[in-house]
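The values are calculated or read from the model by the stated rules, or taken from the named source; none is laboratory data. Only a predicted model underlies this, so the values are computations on that prediction, with no experimental measurement involved. Heads up, the Cβs are rebuilt from the backbone with ideal geometry, glycines too, and the neighbour counts pull from every protein chain shown. The protein model used for the area step is the full one, side chains on, heavy atoms only, and it has no ligands, DNA or RNA in it. Shrake-Rupley method; radii C 1.70, N 1.55, O 1.52, S 1.80 Å.
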Number of protein chains: 2
Amino acid sequence: MRIALLGGTGDIGQGLALRFARDTDHEVLIGSRDPEKARDAVDTYEENLESRGADADVKGFANEMAADRADVVVLSVPPYYAGDTVEAVADNLDSDTILVTPAVGMQGDEDGLHYHPPGTGSVTELVAERAPDEVPVVGAFHNLAADALSNLDNELDLDTLLVADDDDAKETVRNLANEIEGLRALDVGPLANAAEVESVTPLVINIAKYNDDLHDVGVKFN
Amino acid sequence: MRIALLGGTGDIGQGLALRFARDTDHEVLIGSRDPEKARDAVDTYEENLESRGADADVKGFANEMAADRADVVVLSVPPYYAGDTVEAVADNLDSDTILVTPAVGMQGDEDGLHYHPPGTGSVTELVAERAPDEVPVVGAFHNLAADALSNLDNELDLDTLLVADDDDAKETVRNLANEIEGLRALDVGPLANAAEVESVTPLVINIAKYNDDLHDVGVKFN
């Protein structure tokens, strides 16, 4: 399977790229608006992976080309760009491409970060609204700390929560997520349940802010 | 210390009463609008605790009297009654009484439960608004499944999240929560951060709904 990480030079994109490349046999495509930047990121990721003896099957492209080649397209872009990025690659998506969205809208003040969803109720639902009708959308990887993912020395013991408008697509992403070592994917139903999933992202950041012994914190349900 | 559980005949009240009575040396006061109902609940709780060889220091009162005698007053009532219950016991609270609120506003549909806060932003903040100014307010115990608490055979391995408008009060509740076996209290800052904490309650219920192997699910941050 080919997994494209659009905005894959950013922090959550880097973390997912390194984990998918190290822990799975899938091909990882790094997308960026600037393909040169994507290829530079690939060099860094490959160096990191090879220093650990991991096979690095990572390539860099412009976002549109990465989306065009991929079976699963992860929108690892800031929330403000999620909708526009979907529209930029819309012609490269079809009913066989699964669109995955991990972005969360937040606003900060002196107290901490607060959940700040768009008018659609969640960034996940905004992505579904802006995507072509036939493209299945899965919300996933929302609550993972980028630094916890990017540091491959860090052994994960975390859950990631899935919402989707298509059961087959959700199952594919569930299997993909479960292939990452130490990550367990849990089902949280349809896209309408995305807000409560996204809202955990500012929460885990606030927990890290107020508890000295917890950094890059994630969540586990039991 | 004396801990009053107002609405302590309800499901979350029962769970907290049993755990505080079994795991700590504090005196547990069950409050209810109907003191007879409170005393009936105490009989059931004591029977449960004594059958396990636990010392049961539990007494039943009308809410007002329970609040009057307590150092810590837990509003274990449904969210719609939280504000009115605060006002009903307001004369029995003072600056030495810590008011603890675990209630969460939710609305359900066929997809699951959704976070539905009051206009103040959260039930926690609503309680603070309705409480006398000098009474410190702590949000805690929001995301614990009542059945997981009430079944004393169930070993907990869960976090509870604290927000508060007073640091000393927060520290007192943190110590109390940590006395419950298998429970760890984490700081999430001031009351303004309550919404993201409360929002985890519908989330854990949705997770239990969509994952057959997870019942009465709680949360742990790591």
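Each Lys or Arg adds one and each Asp or Glu subtracts one; over the other residues with Cβ under 10 Å from the Cβ of B:Thr160, this totals +1.
Computed from the C-beta positions of A:Thr44 and A:Asn154, the FRET efficiency with R₀ = 22 Å rounds to 0.80.
Applying 0.36 nm per residue to the separation of B:Asp213 and B:Glu134 and subtracting their alpha-carbon distance, the gain on full extension is 23.9 nm. Straight Cα distances below 24 angstrom link B:Lys37 to the lysines B:Lys59, with same-chain residues fewer than 8 positions distant left out. With Rh defined as the Kirkwood radius, the inverse of the mean 1/r over Cα pairs, the Rg/Rh of region A:2-210 is 0.94. Around the amide H of A:Ile98, modelled in the peptide plane, lie the amide H atoms of A:Val72, A:Val73, all under 5 Å away and 5 or more residues distant in sequence or on another chain.
Placing A:Asp166, B:Asp11 in order of accessible area, with the largest value first and a 1.4 Å probe, yields B:Asp11, A:Asp166. Equivalent-ellipsoid semi-axes for region A:173-222 (Cα gyration tensor, √(5λ), whole Å, largest first): 23, 16, 8.
Ligands, DNA and RNA aside, B:Asp167 has an accessible area near 120 Å² when probed at 1.4 Å. Position B:Glu155: other-copy label points at 1.9 nm, ordered by increasing distance, label point 7 Å along Cα→C-beta. Solvent-accessible surface of protein heavy atoms, probed at 1.4 angstrom with all chains present, puts A:Lys220, B:Lys170 in the order A:Lys220, B:Lys170, largest first.
The distance linking region B:151-177 with region B:96-149 is 14 Å (Cα centroid to Cα centroid, whole angstrom). Ellipsoid semi-axes for the protein assembly as shown, based on the Cα gyration tensor and the rule √(5λ), read 45, 20, 19 Å when sorted largest first.
Full extension of the segment from B:Glu171 to B:Ser95, taken as 0.36 nm per residue of separation minus the current Cα-Cα distance, would add 25.8 nm.
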